[in-house]
Amino acid sequence: MIDEGELDWKIVAISLDDPRASLVNNVADVEKHFPGTLTAIRDWFRDYQIPDGKPANKFGLGNKAASKVYLLLVLL
């Protein structure tokens, strides 16, 4: 996410206590087992500062969630 011109990484996770946690190993699994969740999260992060008079946040990577492999390469 680009928040006020600065890169601001967000990581989406699921609790291991969730009964469906074993179904989710990558971004595609999130969309398969929790349809619409990534869009809802992205929309919330885009818009949450608007009520404070700030502009909507922007996203890189073509507005798509990065894969686990991509993040490991970038962050490690």
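Computed from the coordinates by the stated procedures, all read-outs in this text should not be read as laboratory data. These numbers were taken from a predicted model, which means no experiment stands behind them.
What residues qualify as long-range amide H neighbours of D3, i.e. H under 5 Å apart, gap of 5 or more or another chain, H built at 1.01 Å from N?
Amide H neighbours of D3: D8.
Counting only pairs 8 or more residues apart or on different chains, how many lysine pairs in the chain have their Cα atoms under 16 Å apart? Write down the numbers at each step before the final one.
Numbers: K10/K58; K10/K64; K10/K68; K32/K64.
For the chain, qualifying lysine pairs total 4.
For the chain, what is the calculated [θ] at 222 nm in deg cm²/dmol (nearest 500), taking -39500 (n - 2.57) for each run of four or more DSSP H residues and dividing by its residue count?
Numbers: 3 runs with 26 residues, N = 76.
-9500 deg cm²/dmol, from helical runs alone.
For the chain, what does the relative contact order come out to in percent, with C-alpha contacts under 8 Å and a separation of six or more? Present the calculation step by step, with values, prior to reporting the outcome.
Values: 46 pairs, mean separation 24.1, N = 76.
For the chain, the relative contact order is 32 percent.
Would you mind checking the tilt of helix 37-47 against the longest principal axis of the Cα atoms of the chain, expressed as 0 to 90 degrees and rounded to 10?
20 degrees
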